[in-house]
Amino acid sequence: MNGQVDNNYFEYCEFANRVARTSNVITTSRIRGPLTEAVLSQALIMAQKRHPCLNYRIRGSSNSLVLETEGTSKIPLFVLRGSHSARWQDIALEESNKAIDSGQALLRALLFYPDNEADISYLITTVHHGIADALSNIQLHGDILTYCQDVVSGNPTEVSSLPVLPPIDNLMPESARGFKGKLNTLLFILQFGLKQLWYRPKILQTEQPLPSLELCRSGYVNRQLDARFTQNLVDCCKREKVSTHVALCTAMMLSLANKIESNAQNTVSMSCCTTISLRKSLEQIIGREHIGMLSSCIISHQTLKPNTSFWELARGLKQKLQYRLMEPDPFIQLLMTSRKMAESFIKNPNKVMSLSVLAGSLQVNIPESYGEFELEEIHLTAAAAVHGGTLCGGAIAFRKKLSLNFFYSESSISRHTMESLTDSVVFCLSEACKQKLEPALV
């Protein structure tokens, strides 16, 4: 695929990548097995052959981006060794603060060997958000591990390339295209603006104004819930007829409200932005095997009243999300995201429209075992250098455990504050389940 970029969201991501190093999605897998640099190098070549979008590179100015496949480099692979396995979090954080060299490739990989654990390695990939959503990044790691096993078996299978996906704009339903799409976009903007004025949602008070773009940095905090805590939460959610994703959003809003408003008797308005997959809602259903930016988000506004119970708030959020899913909002929001919006957002990071909470959750549906390799953990984070004031987080469900990943603007919010908020979210989930469990946190 060669030619002028005509995807609004892709332009948004590339502008953010070039100007503020904030278009990275970082996926980390903890792997048990004989993973060597040579084996992984071959697997990356196979993955690049399988997925057309991994062969893209970008050239041209920000006003005239050109997407092409000619001259694309092999996926860069770096190798690091460290004293302790916990260093993977520091490496993921470092990766979130490095721009992607999009003129060469839109993905890079890093293999980390901790000295304190034999037979353990960490695969860390950094992908341009314009070509891959969260589900795609998880799928990519599953594919890479499959190819690693093919390589060590001594009988690698021939990899066939998947068909190139049409531009996302061409896959949108009628409500998001043509005159109707433009009208719905205008209505969405007006409705959203009115709701922001009516609710005036609270955001986290930044501890200092965001500095120049060159000095902005992303932060990352991870918490892992043990199997007992996770199962208890899942059971409670089933009983209350809400998803674990809704429960996470609820805990994030309550934790943020407690941080913002010291008086528990005061009403607090919140806005919750939750990510969703569009794969089953497009004109052409896109399977999990395809890598692409095929997700969007929906925004709901909540009023947290004194003495509102956790589950009452969760059920109210569920109803609002279900209602929003019936509207063309997710498609409209993805289409309306343009480079001009990115310019405005990045040039005025302290004057953006307020969003209280940004949350996403994902059930991992790739195997645990790949012959000689076993996937023990998988985590996701994203660059958030200019997202001051918004509590951003997500949950990954894998091997009957939840991994909670929070990312934030380290330039405007201290790590101490984010650690405190993260612990508050975990505590809120624990209290909501009404069982006296002491969760094992790693």
Q: Could you grab me the full set of residues in the range 163-184 that are acidic (D, E) and without any contact (Cβ under 8 Å) to a residue 60 or more places away in the chain?
A: E174
Q.
I'd like to know if the range 412-431 contains one or more residues that are modelled with pLDDT under 90 and open to solvent by less than 20 Å² (accessible area, probe 1.4 Å).
A. yes
Q: Check the range 160-177 and report whether any residue there is under 23 Å from L111 (Cβ atoms) and of a type outside the set (D, E, K, R).
A: no
Q) If we scan the range 263-271, do we find a residue that is part of a helix (DSSP H, G or I), open to solvent by 10 Å² or more (accessible area, probe 1.4 Å) and of a type outside the set (K, R)? A) no
Q: Could you list, in sequence order, all residues of the range 125-146 that are under 25 Å from G371 (Cβ atoms) and assigned to a helix (DSSP H, G or I)?
A: L135, S136, N137, I138, Q139, L140, H141, G142, D143, I144, L145, T146
**Q.** Those residues of the range 147-158 which are surrounded by 12 or more Cβ atoms within 10 Å (Cβ to Cβ) and out of contact with any Asp or Glu (no Cβ under 9 Å at 6 or more places or on another chain), in sequence order
**A.** Y147, D150, V151
Q | Single condition I291 does not satisfy, out of (1) in contact with a strand residue (DSSP E or B) (Cβ under 9 Å, 6 or more places away or on another chain); (2) more than 30 Å from P166 (Cα to Cα); (3) assigned to a loop (DSSP other than H, G, I, E, B) | A | (2)
(Q) Here is a check on your reading of the model: is D226 within 23 Å of the chain's Cα centre (by Cα), surrounded by fewer than 19 Cβ atoms within 10 Å (Cβ to Cβ) and within 19 Å of H379 (Cα to Cα)? (A) yes
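Condition check ((1) of a type in the set (V, I, T); (2) open to solvent by less than 50 Å² (accessible area, probe 1.4 Å); (3) under 21 Å from the mean Cα position of the chain (by Cα); (4) more than 19 Å from M293 (Cβ to Cβ)) across all residues:
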{"residue": "T28", "(1), (2), (3), (4)": "yes, yes, yes, yes"}
{"residue": "S41", "(1), (2), (3), (4)": "no, yes, no, yes"}
{"residue": "C53", "(1), (2), (3), (4)": "no, yes, yes, no"}
{"residue": "L67", "(1), (2), (3), (4)": "no, yes, no, no"}
{"residue": "L77", "(1), (2), (3), (4)": "no, yes, no, yes"}
{"residue": "A92", "(1), (2), (3), (4)": "no, yes, yes, yes"}
{"residue": "D115", "(1), (2), (3), (4)": "no, no, no, yes"}
Q) Which residues, taken from the range 321-340, are part of a helix (DSSP H, G or I), modelled with pLDDT under 85 and open to solvent by less than 40 Å² (accessible area, probe 1.4 Å)? A) R324, D329, P330, F331, I332, Q333, L334, L335, R339
**Q.** Qualifying position, being in contact with a helix residue (DSSP H, G or I) (Cβ under 9 Å, 6 or more places away or on another chain), under 24 Å from V386 (Cα atoms) and among the polar types (S, T, N, Q), among N63, N55, N97
**A.** N63
**Q.** Search result, residues across the range 94-124 that are in a loop (DSSP other than H, G, I, E, B), of a type in the set (A, V, I, L, M, F, W, C), in contact (Cβ under 8 Å) with a residue 60 or more places away in the chain and in contact with a strand residue (DSSP E or B) (Cβ under 6 Å, 6 or more places away or on another chain)
**A.** I100
Q: Pick out the one residue from L375, L402 that is over 22 Å from S23 (Cα atoms), touching a residue at least 24 places away in the same chain (Cβ under 8 Å), open to solvent by less than 10 Å² (accessible area, probe 1.4 Å) and part of a strand (DSSP E or B).
A: L375
**Q.** Hits in the range 115-149 - residues which are modelled with pLDDT under 95 and more than 27 Å from S277 (Cα to Cα)
**A.** D115, N116, E117, A118, D119
Q. Can K98 be described as open to solvent by 60 Å² or more (accessible area, probe 1.4 Å) and within 16 Å of S23 (Cα to Cα)?
A. yes
Q. Does the range 134-171 hold any residues that are within 27 Å of H379 (Cα to Cα), more than 23 Å from the chain's Cα centre (by Cα) and acidic (D, E), and which are they?
A. D150
(Q) I'd like to check something: does the range 215-229 contain any residue that is within 27 Å of H301 (Cβ to Cβ) and out of contact with any Leu (no Cβ under 9 Å at 6 or more places or on another chain)? (A) no
Q | Qualifying residue in the range 300-320 (condition: modelled with pLDDT under 90, more than 24 Å from Q205 (Cα to Cα), β-branched (V, I, T) and surrounded by fewer than 22 Cβ atoms within 10 Å (Cβ to Cβ)) | A | no
Q | Hits in the range 30-39 - residues which are surrounded by fewer than 19 Cβ atoms within 10 Å (Cβ to Cβ) and either without any contact (Cβ under 8 Å) to a residue 12 or more places away in the chain or charged (D, E, K, R) (or both) | A | R32, T36, E37, A38
Q. Name the residues in the range 185-215 that are in contact (Cβ under 8 Å) with a residue 12 or more places away in the chain, more than 20 Å from S269 (Cα to Cα) and open to solvent by 80 Å² or more (accessible area, probe 1.4 Å), would you?
A. E207, Q208, P209, L215
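The values are calculated or read from the model by the stated rules, or taken from the named source; none is laboratory data. For clarity, every value in this text was computed on a predicted model and none was experimentally measured. So basically every Cβ, Gly included, is an ideal-geometry build from the backbone, and we count neighbours across all protein chains shown. Note: areas computed on protein heavy atoms with side chains; ligands, DNA, RNA excluded. Shrake-Rupley method; radii C 1.70, N 1.55, O 1.52, S 1.80 Å.
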